[in-house]
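Have a look at the structure below before the remarks.
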Amino acid sequence: MGLLTILKKMKQKEREMRLLMLGLDNAGKTTILKKFNGEDVSTISPTLGFNIKTLEHKGFKLNIWDVGGQKSLRSYWRNYFESTDGLVWVVDSADRLRLEDCRQELSALLLEERLAGATLLVFANKQDLPGALSKEQIQEALALDEIRSHHWCIIGCSAVTGNNLLAGVDWLLDDIAARIFTTD
Amino acid sequence: MDAKAECTQGIGVAGESGAFKIQERLQKRHQERAEEAERRKEAKESRSVAEEKGEYFSSTFDTERASIEELLSSCTGADRAVVTQTLEEATVKTLQLQKFLNDSMLFLTQYELRRAQDALQKLQTSSAEIREEALPKKKFAFRARSKATDKVSAPESDTPAASVSTKVAVAPAVSVQCGFSNMNNVCLTKTAEEIHKQDVLLTHLTNCKVRLFGSPSTLHMKHIDSCEILCGPVSSSVFIDHCRDSTLAIPCQQLRTHNTQDTRVYLHVTSRAIIEDCHGVSFAPFSWSYPTLKEDFIVSGLDQNRNNWSQVDDFHWLAAGTPSPNWTVIPEEDRKTNWEL
Ligand SMILES: Nc1nc2c(ncn2[C@@H]2O[C@H](COP(=O)(O)OP(=O)(O)O)[C@@H](O)[C@H]2O)c(=O)[nH]1
Ligand SMILES: [Mg+2]
């Protein structure tokens with residue numbers, strides 16, 4: 001039995017996953033996390049540092065890390081990469097001015113060795129705003145079709161209405177589960 | 001605005017389905033109160049534990065850090081083989097220290113966390129520098145790992161990771177967006193109908209007076225110089241970047257201010273305001289008024305009775321106990337009271 005098999009077996013027992021939520025500041029990361037957990041989203045302050053939520057979903061224990069996206073905090077993102085199963089990249093679909101910044105940060109992230117193998121879910125958030133770009137437009141602007149290093153999927157959602165959050169997380173869990181919890 | 005009711009997907013724990021019987025509710029509430037009291041007691045006790053843990057963390061962390069620094073400094077003048085081995089040892093130790101930090105995060109204060117993260121970053125930088133200098137050709141690292149990860153990457157993965165150089169033309173922004181751009185020396189107004197639930201963008205305005213009546217969903221401002229901008233209640237966040245010598249009056253849920261200088265903000269904020277890379281920003285409570293302001297507050301969902309205008313977090317100033325020098329409160333006698341055009 002190889003090391004990888006042993007690791008898989010161990011993980012299988014715990015059925016635990018570590019998800020890392022990243023994206024530019026103001027994208028809606030904290031709001032998504034709280035909404036998903038059924039909490040009030042009207043009192044959320046800008047994140048200084050990070051939030052961690054542990055929740056049960058579909059029989060899995062999810063450890064979700066929501067890390068602040070301010071410019072001055074982005075250099076710390078790497079401190080959170082270790083043993084990440086899934087990366088959730090959150091985009092403010094109405095923030096056209098920073099899309100280029102957003103694309104650059106994401107592609108730099110995908111080069112990180114410690115994130116290799118993590119499944120990528122892109123949330124094109126704030127779809128409820130009239131000026132929001134569609135998920136197809138975001139897909140193009142972030143050049144997602146060029147990604148060869150990760151499994152990925154983009155989903156349009158709104159953290160304020162809760163629309164499609166579940167669909168996104170379900171896709172992510174299925175993809176990760178197929179990867180690390182499959183028995184041989 | 002009932003956030004829960006809008007959660008149409010019925011996400012997991014969210015939402016209360018069906019009607020509880022009143023008695024059940026009362027009982028539940030009673031139980032919750034008892035639990036809350038218990039929790040408070042526990043919180044009190046655990047706080048002192050947390051402080052002890054914090055101290056333990058700091059001293060352990062500092063000892064480890066010092067030993068890594070020692071390893072690194074022993075590299076100067078050493079021969080290649082020794083440097084290689086020492087660096088490897090230092091890297092392993094740094095990773096362990098990282099792990100220790102990750103495991104301790106829950107009880108660290110922001111300040112301790114930031115300090116530790118900075119220290120780790122420094123260690124990584126200096127070991128990278130030493131490596132660069134002493135072992136210029138050979139690429140060091142746990143490269144072998146990427147073999148294992150190949151297996152789990154996308155099926156079509158015969159090409160290396162995406163190139164980063166593509167420029168993507170994004171659909172012409174400003175034309176479809178509600179707002180004003182590229183104007184000088186004018187008065188600009190939008191009505192409640194135009195503004196209603198829109199995402200509003202103001203860019204490249206100099207010496208303008210802007211009045212936005214009504215309640216937008218969100219408001220972005222970029223490259224604002226010597227303007228006076230007044231806006232009705234914004235239901236979510238206001239994002240400001242590169243603004244100078246201006247006066248703003250806005251109610252909102254969050255205010256995020258970047259690269260801004262010498263600007264006065266008359267603010268109503270229901271959660272928090274933050275500044276980053278700013279100086280000379282001053283705050284006072286929102287005092288602009290117009291006939292339908294109250295209705296617009298209702299539309300926005302903001303609580304008119306909750307205003308945290310004076311609780312500003314400076315993301316570049318985390319020293320515990322010392323207030324940020326980058327923002328101030330406008331003294332009462334200097335506050336603007338007349339907003340006539
Ligand atoms: N209209 C709209 N606003 C959103 C949505 N998600 C988040 N927001 C707002 O965007 C602002 C930033 O959200 P936050 O979760 O703090 O962003 P973070 O910096 O990524 O954690 C807040 O004012 C949220 O209310 C959304 O889906 N639609
Ligand atoms: Mg946040």
Would you check which residues across segment B:90-102 are more than 10 Å from chain A (Cβ to nearest Cβ) and either farther than 21 Å from A:GLU113 by Cα or open to solvent by less than 90 Å² (accessible area, probe 1.4 Å) (or both) and list them?
-> B:ALA90, B:THR91, B:VAL92, B:LYS93, B:THR94, B:LEU97, B:PHE100
Residue ID - farthest from the other protein chains (Cβ to nearest Cβ), chosen from residues in segment B:310-332 that are open to solvent by 60 Å² or more (accessible area, probe 1.4 Å) and not in a loop (DSSP other than H, G, I, E, B) = B:GLU332
Take the residues of segment A:146-181 that are more than 9 Å from every other protein chain (Cβ to nearest Cβ) and open to solvent by 50 Å² or more (accessible area, probe 1.4 Å): which is farthest from ligand 2 (Cβ to nearest atom)?
-> A:ALA178
Within segment A:97-117, is there a residue that is free of Cβ contacts under 8 Å to residues at least 40 places away in the same chain, open to solvent by 10 Å² or more (accessible area, probe 1.4 Å) and either within 16 Å of ligand 1 (Cβ to nearest atom) or part of a strand (DSSP E or B) (or both)?
-> yes
Quick check: is even one residue across segment A:80-87 facing chain B (nearest Cβ under 7 Å) and more than 13 Å from the chain's Cα centre (by Cα)?
-> yes
Given the conditions (1) open to solvent by less than 70 Å² (accessible area, probe 1.4 Å); (2) modelled with pLDDT of 75 or more, which single one is not true for B:THR76?
-> (1)
Any residue in segment A:56-63 that is open to solvent by less than 20 Å² (accessible area, probe 1.4 Å), more than 16 Å from ligand 1 (Cβ to nearest atom) and over 19 Å from A:ASN163 (Cα atoms)?
-> yes
Would you be able to say whether some residue in segment A:140-160 is out of contact with any helix residue (DSSP H, G or I) (no Cβ under 9 Å at 6 or more places or on another chain) and assigned to a helix (DSSP H, G or I)?
-> yes
Of the criteria (1) outside any strand (DSSP E or B); (2) within 16 Å of ligand 2 (Cβ to nearest atom); (3) not aliphatic (A, V, I, L, M), which one B:PRO216 fails = (2)
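The values are calculated or read from the model by the stated rules, or taken from the named source; none is laboratory data. All values reported here derive from a predicted model rather than from experimental measurement. Positions of Cβ are backbone-derived with ideal geometry, glycine not excepted, and every protein chain shown enters the neighbour counts. Keep in mind that these areas ignore ligands, DNA and RNA; they rest on the heavy atoms of the full protein, side chains included. Shrake-Rupley method; radii C 1.70, N 1.55, O 1.52, S 1.80 Å.
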